[in-house]
Amino acid sequence: MKADLHCHSAVSDGTLEPEVLAARAKANGVELWALTDHDEIGGLQRAMGAAACRTLLTALLEEQPERSSLEFPMDLIVRQSTGPAPSR
């Protein structure tokens, strides 16, 4: 399974909108994709809708770098998966 589990949108510090990121992930053969905006969940609903339209399995996460540590370099919260299971 090809996955991209660290992606930021224009909702936080990225340059592309969540819908564009979902489309690019699908076009590049990604089956499991995560939007991990910094300290922001405003793009999650948009990401979910865009991913569902593309039958893209999605892990929706929020990156909270201020809570990071050496043991856990990135604190990811808001765990929720959407979309169908990928075929094998």
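The values are calculated or read from the model by the stated rules, or taken from the named source; none is laboratory data. Please read these numbers as outputs of a predicted model, since none were measured by experiment. Because the Cβ atoms are built from the backbone with ideal geometry, glycine has one as well, and the counts that use them run over all protein chains shown.
A few comments on the model shown:
- The C-beta contact set for the stretch 1-20 (first residue more than 15 Å from Gly42 (Cα to Cα), second residue assigned to a loop (DSSP other than H, G, I, E, B) and modelled with pLDDT under 90, distance under 7 angstrom, 6+ apart or interchain) comprises Met1/Glu31; Met1/Pro86; Lys2/Glu31; Ala3/Glu31.
- Some residue of the stretch 63-84 being surrounded by 21 or more Cβ atoms within 10 Å (Cβ to Cβ), modelled with pLDDT under 75 and not in a helix (DSSP H, G or I): yes
- Test: residue in the stretch 6-19 that is part of a helix (DSSP H, G or I) and either at pLDDT 85 or above or in contact with a Phe, Trp or Tyr (Cβ under 7 Å, 6 or more places away or on another chain) (or both): yes
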